[in-house]
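The next block holds one structure in the form of structure tokens; read it before the comments.
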Amino acid sequence: MVTQKKALICWVGGKDLAAAEQNDGSFGPILSTLQERPHDQVHLLYNYEDERVSSYCSWLTDKLSIDAMAHKAELRTPIHFGDIYQAASQLLDNLMSQMTIADMSLLISPGTPAMQSIWILMGKTTYPIQLLESSAEQGVHEADIPFDISAEYIPNLLAESDATLRRLAGGTTSARPGFEDIITQSPQMLAQIGRAQKIAERDVPVLILGESGTGKELFARAIHRASGRASHNNGEPITVNCGAIPPELVDSVLFGHAKGAFTGAISDKEGFFSAADGGTIFLDEFGELPKDTQVRLLRVLEDGTFNRVGDQTQKKVDVRVVAATNRELVQEISDGNFREDLFYRVAVGIVNLPPLRERQGDLALLTDKLLKSINDEASRKLPSYKHKKISPKAKNIIMSHSWPGNVRELQATLTRASVWAETDSINEQEIRDALLQRPEAGHGLLDQNLDNPVDIQGLIKTLKKHYIDLALEKTHGHKTKAASLLGLNSYQTLNTWINDVGIKE
């Protein structure tokens, strides 16, 4: 129910708290604004101690008889743009279900420069809300800040690496429906979301590339839900794991078969393409398809037609294909394992998902979100379950791990740790125990016998490649730091080694 009450929204600043605590006649920006421009209620975001803010709200209410509501914001630091944006955006979204934007004002004066910057960006992009400023020198006035000078007003805006801030500065609004489940503030990941959103609007085939566990199926579902085919199959694509089908049954599973087509075909059966007619089919592990099936799939992509196994009647469907693979398909084409014409037919819209180790700022964010989800699910099944937290030392281990299994490995590790944890705080050893140790690459290099000639240069190359990979993972791709770990003089030397051993960047 939308009300007609006027609401002032702002962060609580140090000057405001000091005015209440000292009670020396000073007001602070919030009280000064409310005295000059009355509102029915004030919504205060804060990351101070609860007691201080509660006391301030009581003081403010005594002064003005106003409804003062405090909203705790979980910030890693008061200058973390991503956390500030998420807290502010969540509050505004909640308030917009109760009142109109015309009934709201943002007071940008209290808080850190980062908080002020986010208010300005939000007021100039997603939330066109009146911006107010309050100062002892100029009093209370509307902040008229043209967006083309906003970057000059915000300190070091363009130098900030925070993904949410950069996304807003580029004029991009919040992720549209279908993509809300993708948790990220990484510039690399946000760029792929932007690309996928554009692809979703166009009814073209899509190829999603990325290592195992990077979220390819999540993107496939998002593309389907954001497309014109979203109403099909209750909003979900028809999903097929191509790598899990025995090669001799792939054609039957995808396209169906007629009764008697082969031993065991006791009745007619429709395949997944028929089930997906009018919607989207998601072909996971696309690179595993046999060569003869690739020919049939190419025909479906070209004109929508196919024949069931053992059936001469041609069928026609309207299906969008979204395929995903962790294979290097260009190399597979070169090796003769994959059809080049099929690759180019599918790779019209391409989404290339980065591994978790390259998603700047996402590891801590995903750890918190995944653990919350794990806790919530456990609580639903076990009423006596106590929500688990991660100790600082345990979180340091998480942050230093390279996560070769990506988000899937992170989720499994957190789940194991939450099951094994003896208390409500997951400690350092419990995280170590939950991590699956992988065998050392290169084991046995010193075990070669000389009964036959030894490729000593090949062994050296293997050794170099192993430790270069480890160093790049540990430093998240920072070549100068990786070179230092390897005892090399400069990153130029490391580049030479990378080229020598054939690592693809």
Reported set for the range 200-220 where residues are assigned to a helix (DSSP H, G or I) and surrounded by 23 or more Cβ atoms within 10 Å (Cβ to Cβ) is 200, 216, 219, 220
Among helices (runs of 4 or more DSSP H) completely within the range 321-395, the ones holding 3 or more residues that are in the same structural domain as residue 217 (by TED's automatic domain parsing) and farther than 30 Å from residue 419 by Cα are 329-334, 340-346
Within the range 484-499, the residues that are part of a helix (DSSP H, G or I) and either in contact with a Cys (Cβ under 9 Å, 6 or more places away or on another chain) or in contact (Cβ under 8 Å) with a residue 12 or more places away in the chain (or both) are 485, 491, 494, 495, 497, 498
Residue 407: passes all of (1) in contact (Cβ under 8 Å) with a residue 60 or more places away in the chain; (2) surrounded by fewer than 16 Cβ atoms within 10 Å (Cβ to Cβ); (3) of a type outside the set (Asp, Glu) but (2)
When (1) modelled with pLDDT under 95; (2) farther than 17 Å from residue 209 by Cα are applied to residue 319, the one that fails is (1)
Subset of the range 15-40, residues in a helix (DSSP H, G or I) and over 18 Å from residue 137 (Cα atoms), comes to 17, 18, 20, 21, 22
Expected output for the range 311-322 (first residue in contact (Cβ under 8 Å) with a residue 24 or more places away in the chain, partner among the aliphatic types (A, V, I, L, M) and in a loop (DSSP other than H, G, I, E, B), Cβ below 8 Å, 6+ apart or cross-chain) is 311/258; 311/261; 317/276; 319/276; 320/204
The condition from (1) under 30 Å from residue 329 (Cβ atoms); (2) in contact with a Phe, Trp or Tyr (Cβ under 9 Å, 6 or more places away or on another chain); (3) of a type outside the set (Phe, Trp, Tyr); (4) free of Cβ contacts under 8 Å to residues at least 40 places away in the same chain that residue 430 misses is numbered (1)
Output for Cβ contacts, cut-off 9 Å, separation at least six or different chains, first residue in a loop (DSSP other than H, G, I, E, B) in the range 77-88, second hydrophobic (A, V, I, L, M, F, W, C), reads 77/114; 78/11; 78/84; 78/114; 78/115; 79/114; 79/115; 80/114
Only one of (1) crowded, with 22+ Cβ neighbours inside 10 Å; (2) out of contact with any helix residue (DSSP H, G or I) (no Cβ under 8 Å at 6 or more places or on another chain) does not apply to residue 60, and that is (2)
Reported set for the range 344-369 where residues are under 16 Å from the mean Cα position of the chain (by Cα), surrounded by fewer than 19 Cβ atoms within 10 Å (Cβ to Cβ) and free of Cβ contacts under 8 Å to residues at least 60 places away in the same chain is 368
The residue that is surrounded by the fewest Cβ atoms within 10 Å (Cβ to Cβ), considering only those in the range 290-343 that are closer than 22 Å to residue 268 by Cα and of a type in the set (A, V, I, L, M, F, W, C), is 317
Taking the range 413-435 and keeping only residues that are farther than 17 Å from residue 376 by Cβ, assigned to a helix (DSSP H, G or I) and either touching a strand residue (DSSP E or B) at 6+ places or on another chain (Cβ under 9 Å) or of a type in the set (A, V, I, L, M, F, W, C) (or both), one is left with 420, 431, 434
Reported set for the range 284-323 where residues are charged (D, E, K, R) and more than 32 Å from the chain's Cα centre (by Cα) is 291, 292, 296, 299, 302, 303, 308, 311, 315, 316
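The values are calculated or read from the model by the stated rules, or taken from the named source; none is laboratory data. Because the structure is a prediction, the values reported are computed rather than measured. We place every Cβ from the backbone using ideal geometry, glycine too, and count neighbours over all the protein chains shown.
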